[in-house]
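Accompanying notes for the structure given below.
The values are calculated or read from the model by the stated rules, or taken from the named source; none is laboratory data. Given the structure is predicted, the values throughout are model-derived calculations rather than measurements. For neighbour counting, all protein chains shown are included, and Cβ atoms are generated from backbone atoms with ideal geometry for every residue, glycine included. Each accessible area value is taken on the protein alone, full model and side chains, heavy atoms only, with ligands, DNA and RNA left out. Shrake-Rupley method; radii C 1.70, N 1.55, O 1.52, S 1.80 Å.
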Amino acid sequence: MNLSFETFLPFAPVILLSLTAVLVMLAVSIKRNHCVSYWITIAGQVAALISIFSLDGFAADRVATPVTDLILIDGHAYFYSALVIFASLVCTVFLRNFIESYGNNKEEVYMLLLIAAVGGVVLVSSSHMAGFFIGLELLSVPVYGLVAYTHERSRSLEAGVKYLILSAAASAFLLFGMALVYAQTGTMLFADLADKLAEHGGYLAGFGIAMIVIAMCFKLSLAPFHLWTPDVYQGAPAPVGALLATASKLAIIAILIRFMGHITSDLTAVLQPVLAVIAIVSIAVGNFLALTQTNLKRMLAYSSIAHMGYLLIALIAGNSVDVVSANVYLLTYVVTSLAAFGAISALSHGGNALDAEEVNHYRGLFYRSPALAVALTLVMLSLAGIPLTAGFIGKFYIFMTGVTTSSWILLAALIIGSGLGLYYYLRVMVALYDRTGNSQADNVPAARASVVIVMLLVALVLWLGVYPQPALEFINTLH
Amino acid sequence: MTLSALILIPFIGGLLCWLSERLGAGVPRWIALITMSLVLAIGVNLWLTGDYSSVAGTGGLNWQVEEQYSWIPLLGVNIHFGIDGLSLVMVLLTGLLGVVAVGCSWKEINKNVGAFHMNLLWSLAGVLGVFLALDMMLFFFFWEMMLIPVYFLIALWGSSAHNGAVRVKAATKFFIYTQVGGLIMLVGILALVVVNFKATGQISFAYETLLNTHTLMSKELQFILMLCFFIGFAVKLPIVPVHSWLPDAHAEAPTAGSVDLAGILLKTAGYGMLRFTLPFFPDASQEFANTAMLLGVFGIFYGAFLAFVQTDIKRLIAYTSISHMGFVLIGIYSGNLLTLQGLAIQMLAHGLCAGGLFILAGQLYERLGTRDMREMGGLWARFTYLPPLLMFFAAALLGIPGTANFIGEFLILLGAFKVVPVITIIATASLVLAGVYSLILIHRTLFGQPTSEQKLADLSAREISLVVSLAVILLVIGFYPQPLLNVSVDAMTFIQQTYAPADVSVPLPIGGAASPVAP
């Protein structure tokens with residue numbers, strides 16, 4: 001293969017992000033300055049975002065371009081990349097406010113964040129088992145550090161270790177699965193997978209693919225592989241929670257969609273009922289366990305389990321993945337989750353022993369910080385999937401998929417899950433307006449930059465909910 | 001623009017209420033009052049300028065005003081409003097009760113007045129949207145949109161009798177019930193759209209397009225989808241197995257919330273069944289009619305019996321609503337023009353009557369500090385104006401001739417008798433129970449041994465004018481229902497003809513230009 005500048009041009013976002021990570025590292029080694037590191041990070045991510053658009057990433061006549069065998073850049077890869085970078089950009093702003101008051105070294109956090117973003121982008125564009133694995137590890141390893149960054153908090157450290165062990169287990173599954181598939185088919189390229197599977201298919205390869213899917217389920221915290229989620233969400237600093245809930249999940253869903261597009265239909269037929277059970281169990285477990293939570297982060301963790309269950313419906317109902325539904329759902333979920341964790345981040349400070357994570361912290365928030373309370377109200381409505389918010393549009397598409405493919409059982413799970421979900425979302429929502437607010441949280445000031453970002457995200461939530469046409473049109477033209 | 005204005009005015013008015021709160025508590029109240037009066041005025045104007053009986057007898061759709069804007073072309077979703085006689089009756093009811101709801105919270109609500117009125121007006125905007133939407137997606141948006149403000153009304157401004165947790169629980173129950181019902185209906189809507197899409201290649205949520213979809217699907221599917229719609233509306237109506245949110249919600253809601261709920265929100269379900277369930281699935285609905293009517297009969301008795309044993313005056317009224325909605329259900333499914341015309345009046349009358357009763361209950365609570373009827377008694381001597389008014393509304397509730405309730409129930413029973421005589425006879429027998437619970441309501445509150453001889457503060461001019469205006473309207477309709485029957489005749493003929501075309505041969509002398517009323 002002839003490696004030239006043109007070959008790597010479509011890969012510019014990754015290159016820019018990697019360069020930024022190096023720059024941040026250099027800046028730290030020359031002189032520690034929080035502000036400088038922060039702005040380098042912001043600039044790097046904005047540049048990466050711009051590069052995606054300036055490369056005509058979404059032009060209608062774009063063809064999928066391979067960058068070596070490992071990477072294949074197409075419209076979807078760019079879409080997910082843009083979302084990953086957008087999420088990490090937003091998290092950067094949340095992180096700054098959060099880490100400002102943190103007593104120890106602050107600057108490295110940006111480096112870790114950038115590397116995770118690189119991993120996410122590599123993961124969503126990989127077209128080869130090796131790219132898949134490298135991307136996943138690049139995404140996960142920095143996140144151990146991020147989760148345990150505030151290691152003075154014992155929960156944070158504990159969460160970091162838990163996430164490490166879980167990720168290691170998932171990686172082991174993944175690698176073994178890949179090895180089995182390779183052993184049988186002799187290929188690591190996604191593109192050849194279907195043909196080779198049809199040719200040499202057998203139990204070994206099927207088993208391998210099942211293990212790969214299980215590894216993904218671990219990472220997506222689908223039940224019954226969800227046990228780590230609440231602890232890690234609770235222990236991780238709030239802005240890192242945002243990253244975990246959005247960029248990380250999104251990248252894994254993206255690669256799962258791409259991967260599932262390349263396996264043979266008889267394998268899919270075997271996987272489908274299993275994944276359907278996983279989806280239903282996730283919806284049930286997530287919603288039931290969220291009912292009694294008094295900790296907002298844990299509640300969001302369980303709710304994310306349920307949401308991943310909903311999303312799985314788009315992947316498994318019918319004969320092929322409903323990519324449009326999945327993309328719409330991902331978009332709405334990412335925006336909403338970012339806003340939710342952003343609101344927590346805005347009230348949390350790295351210097352304190354705990355984040356503002358108990359529901360009690362939010363009691364009567366409306367009378368202290370009306371803007372944030374109204375924003376959080378809309379976020380809760382969006383998570384619950386109430387019309388006029390983005391969450392409804394996402395759920396609407398899942399409903400549409402379910403109805404089109406006549407998956408009545410999955411739809412029933414979706415309806416019951418949504419009903420249960422209302423209970424805990426509404427509880428948080430109404431607490432915001434409770435006048436009998438307690439005093440422990442009254443003096444936590446909301447970080448202004450984070451509040452502004454949360455408001456912008458909520459505006460986006462409303463816009464997607466009220467006038468989704470442009471976004472839907474955009475997603476429909478992706479290819 | 002008129003129809004969008006009907007929805008936008010309360011929406012914008014609500015925002016203004018919220019923003020103007022800092023200018024003083026009185027400002028939002030006046031803004032809300034003016035807003036709702038404006039809505040009512042537009043409604044009346046639509047009534048006077050439109051001709052709602054111009055296609056009488058032909059059974060065509062008769063939209064007097066129609067508006068359409070593009071919204072999400074990708075999904076075939078448009079902003080499409082239209083008004084016919086049925087919508088108009090509902091819009092008038094909403095406007096009127098809106099004014100009344102603002103009026104009755106004038107003194108009751110003292111905290112966050114602006115936000116309260118915002119929620120009240122937004123819920124009314126949602127309701128108006130439901131009555132006007134001719135696009136199923138738009139309809140569903142409004143259907144869900146009206147819930148959130150009502151949730152807040154109950155959870156934040158509800159009864160102070162218990163601690164906040166009870167209110168929140170009632171509000172949450174209300175929300176979850178209706179939301180789950182709504183989602184089931186959404187499945188029905190989407191399935192309808194998908195069937196239509198698969199047959200025609202056109203994705204569309206338009207009402208008139210989907211009207212013909214039932215011809216494209218199998219009987220079983222039609223029945224299932226009909227059930228989806230039915231469940232969605234049944235929760236809101238409410239029909240007995242899925243009714244348990246209603247008494248709780250009423251017990252905890254502020255007066256305006258109760259007026260809003262009983263008077264208007266419940267009617268959206270009746271409206272939905274008439275407008276969507278019957279015309280979308282005529283065959284399946286006929287198949288289901290007997291079951292539905294049995295549910296209705298059961299609800300009538302169940303509501304009446306439970307109303308009788310209540311000690312909380314608001315819960316009593318809530319259970320009578322369940323009982324009355326049983327009549328509505330029978331009226332809907334017996335499906336001849338007589339019952340359908342009666343239905344329009346019955347829904348209006350029940351809205352006004354329940355609204356009036358809830359306001360009186362609220363006024364009693366303001367003065368006595370309790371809604372427990374065991375602690376009342378002998379109030380006749382302690383007020384001058386309140387007792388006769390309460391008595392009037394209780395009489396209207398049991399459907400005494402001369403009130404609109406009588407006309408409604410009479411027409412429904414008369415029409416239903418032709419279709420389902422047995423069920424009708426049983427339902428008629430329940431009127432005795434209506435007498436019982438109405439009398440027990442009066443008896444327990446007004447008569448008996450007073451707990452004290454002390455006079456209580458009587459109704460103010462504001463309160464009297466609110467309640468009296470409702471009473472007058474009930475009387476006017478009770479004595480001269482013809483103008484209303486003329487308004488709803490085209491819409492009802494259309495529903496009747498799609499639902500039971502066989503029945504057309506029997507001319508019914510009820511309203512409209514084509515069928516002059518027998519003297």
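Remark: B:S20 falls outside the filter, which requires a residue to be within 24 Å of B:G82 (Cβ to Cβ) and open to solvent by less than 50 Å² (accessible area, probe 1.4 Å). On the stretch given as the stretch A:333-363, residues that are open to solvent by 10 Å² or more (accessible area, probe 1.4 Å) and either of a type in the set (V, I, T) or free of Cβ contacts under 8 Å to residues at least 24 places away in the same chain (or both) total 1. Selection of the stretch A:179-188 for residues being surrounded by 17 or more Cβ atoms within 10 Å (Cβ to Cβ) and hydrophobic (A, V, I, L, M, F, W, C) yields A:L180, A:V181, A:M188.
Looking across the stretch B:211-225, the residues that are at pLDDT 90 or above and surrounded by 20 or more Cβ atoms within 10 Å (Cβ to Cβ) come down to B:Q222, B:L225. Taken residue by residue, the stretch A:438-449 has no member that is open to solvent by 50 Å² or more (accessible area, probe 1.4 Å) and either within 20 Å of the chain's Cα centre (by Cα) or facing chain B (nearest Cβ under 9 Å) (or both).
All of (1) within 26 Å of B:Y319 (Cβ to Cβ); (2) surrounded by 16 or more Cβ atoms within 10 Å (Cβ to Cβ) hold for B:L475 with one exception: (2).
In the stretch B:157-189, which residues are at the interface with chain A (Cβ under 7 Å from one of its Cβ atoms), open to solvent by less than 20 Å² (accessible area, probe 1.4 Å) and closer than 14 Å to A:G385 by Cβ?
Of the residues in the stretch B:157-189, the ones at the interface with chain A (Cβ under 7 Å from one of its Cβ atoms) are B:164, B:168, B:172, B:175-176, B:179-180, B:183-184, B:186-187.
Okay, now just the ones that are also open to solvent by less than 20 Å² (accessible area, probe 1.4 Å), so B:172, B:175, B:179, B:183, B:186-187.
Scanning the stretch B:157-189 gives B:F175, B:Q179, B:L183, B:L186, B:V187.
Among the residues in the stretch A:81-90, are any at pLDDT below 90 and assigned to a helix (DSSP H, G or I)? No, every residue in the stretch A:81-90 fails to be at pLDDT below 90 and assigned to a helix (DSSP H, G or I).
Would a scan of the stretch B:115-122 turn up a residue that is part of a loop (DSSP other than H, G, I, E, B) and either within 12 Å of chain A (Cβ to nearest Cβ) or open to solvent by less than 20 Å² (accessible area, probe 1.4 Å) (or both)? No, the stretch B:115-122 has no match at all.
Figure legend. Inter-residue proximity from the stretch A:450-479: first residues within 14 Å of chain B (Cβ to nearest Cβ) and under 28 Å from A:D61 (Cβ atoms), second residues open to solvent by 40 Å² or more (accessible area, probe 1.4 Å) and of a type in the set (G, A, S), beta-carbon distance below 7 Å, spacing 6+ or different chains. Indicated pairs: A:T477/A:A60. Would you check if there is a residue in the stretch B:177-186 being of a type outside the set (S, T, N, Q), touching a residue at least 60 places away in the same chain (Cβ under 8 Å), within 30 Å of B:A304 (Cα to Cα) and not in a helix (DSSP H, G or I)? No, the stretch B:177-186 contains no residue that is of a type outside the set (S, T, N, Q), touching a residue at least 60 places away in the same chain (Cβ under 8 Å), within 30 Å of B:A304 (Cα to Cα) and not in a helix (DSSP H, G or I). The residues of the stretch B:367-418 that are buried (at least 21 other Cβ atoms within 10 Å of the Cβ) and of a type in the set (F, W, Y), listed by number, are B:F392, B:F393, B:F406. Of a type in the set (S, T, Y) and open to solvent by less than 20 Å² (accessible area, probe 1.4 Å): does that describe B:T428? The answer is no for B:T428. Of the residues B:A251, B:A262, B:A304, the single one that is touching a strand residue (DSSP E or B) at 6+ places or on another chain (Cβ under 8 Å) and buried (at least 23 other Cβ atoms within 10 Å of the Cβ) is B:A251. Residues of the stretch B:193-203 that are open to solvent by less than 20 Å² (accessible area, probe 1.4 Å) and in contact (Cβ under 8 Å) with a residue 12 or more places away in the chain: B:V193, B:N196.
Highlighted here are the helices (runs of 4 or more DSSP H) found entirely within the stretch A:191-247 that include at least 3 residues which are open to solvent by 10 Å² or more (accessible area, probe 1.4 Å), farther than 18 Å from A:F341 by Cα and not basic (K, R): A:203-219. Taking residues in the stretch A:76-89 that are on the phi > 0 side of the Ramachandran plot, and partners anywhere that are open to solvent by 10 Å² or more (accessible area, probe 1.4 Å) and in a helix (DSSP H, G or I), not one pair has Cβ atoms closer than 9 Å while being at least 6 places apart or on different chains. Given the criteria open to solvent by 10 Å² or more (accessible area, probe 1.4 Å) and either within 11 Å of chain B (Cβ to nearest Cβ) or on the phi > 0 side of the Ramachandran plot (or both), does A:A384 qualify? For A:A384, the condition - open to solvent by 10 Å² or more (accessible area, probe 1.4 Å) and either within 11 Å of chain B (Cβ to nearest Cβ) or on the phi > 0 side of the Ramachandran plot (or both) - is not met.
Just one of the listed residues (A:Y367, A:Y425) is open to solvent by less than 20 Å² (accessible area, probe 1.4 Å), more than 8 Å from every other protein chain (Cβ to nearest Cβ) and aromatic (F, W, Y), namely A:Y425. If I filter the stretch A:387-410 down to residues being among the hydrophobic types (A, V, I, L, M, F, W, C) and free of Cβ contacts under 8 Å to residues at least 24 places away in the same chain, which single residue comes out as most open to solvent (accessible area, probe 1.4 Å)? Among those residues, the one meeting the criterion is A:W408.
Residue count for the stretch B:269-298 satisfying the condition of being over 19 Å from B:F494 (Cβ atoms), among the polar types (S, T, N, Q) and in contact (Cβ under 8 Å) with a residue 60 or more places away in the chain: 1.
Taken across the stretch B:350-369, residues that are more than 21 Å from B:L470 (Cβ to Cβ) and free of Cβ contacts under 8 Å to residues at least 24 places away in the same chain do occur, with at least one present. Of all the numbered requirements in (1) open to solvent by 10 Å² or more (accessible area, probe 1.4 Å); (2) more than 17 Å from A:L354 (Cα to Cα); (3) out of contact with any Phe, Trp or Tyr (no Cβ under 7 Å at 6 or more places or on another chain); (4) part of a helix (DSSP H, G or I), A:E158 misses one, and that requirement is (2). Of the listed requirements (1) at the interface with another protein chain (Cβ under 9 Å from one of its Cβ atoms); (2) in a helix (DSSP H, G or I), A:G391 misses just one: (1). Residues of the stretch A:398-413 that are within 23 Å of the chain's Cα centre (by Cα) and either more than 8 Å from every other protein chain (Cβ to nearest Cβ) or under 17 Å from A:R298 (Cα atoms) (or both): A:I398, A:T401, A:L410, A:A413.
Those helices (runs of 4 or more DSSP H) of the stretch B:196-308 in which 1 or more residues are of a type in the set (V, I, T) and on the phi < 0 side of the Ramachandran plot occupy B:207-210, B:219-236, B:255-258, B:266-272.
Can you find even one residue in the stretch B:146-155 that is in a helix (DSSP H, G or I), open to solvent by 10 Å² or more (accessible area, probe 1.4 Å) and either among the small types (G, A, S) or within 10 Å of chain A (Cβ to nearest Cβ) (or both)? There is at least one residue in the stretch B:146-155 that is in a helix (DSSP H, G or I), open to solvent by 10 Å² or more (accessible area, probe 1.4 Å) and either among the small types (G, A, S) or within 10 Å of chain A (Cβ to nearest Cβ) (or both). Per the conditions (1) under 23 Å from A:V328 (Cα atoms); (2) open to solvent by less than 10 Å² (accessible area, probe 1.4 Å); (3) touching a Leu at 6+ places or on another chain (Cβ under 6 Å), the sole criterion not satisfied by A:G131 is (1).
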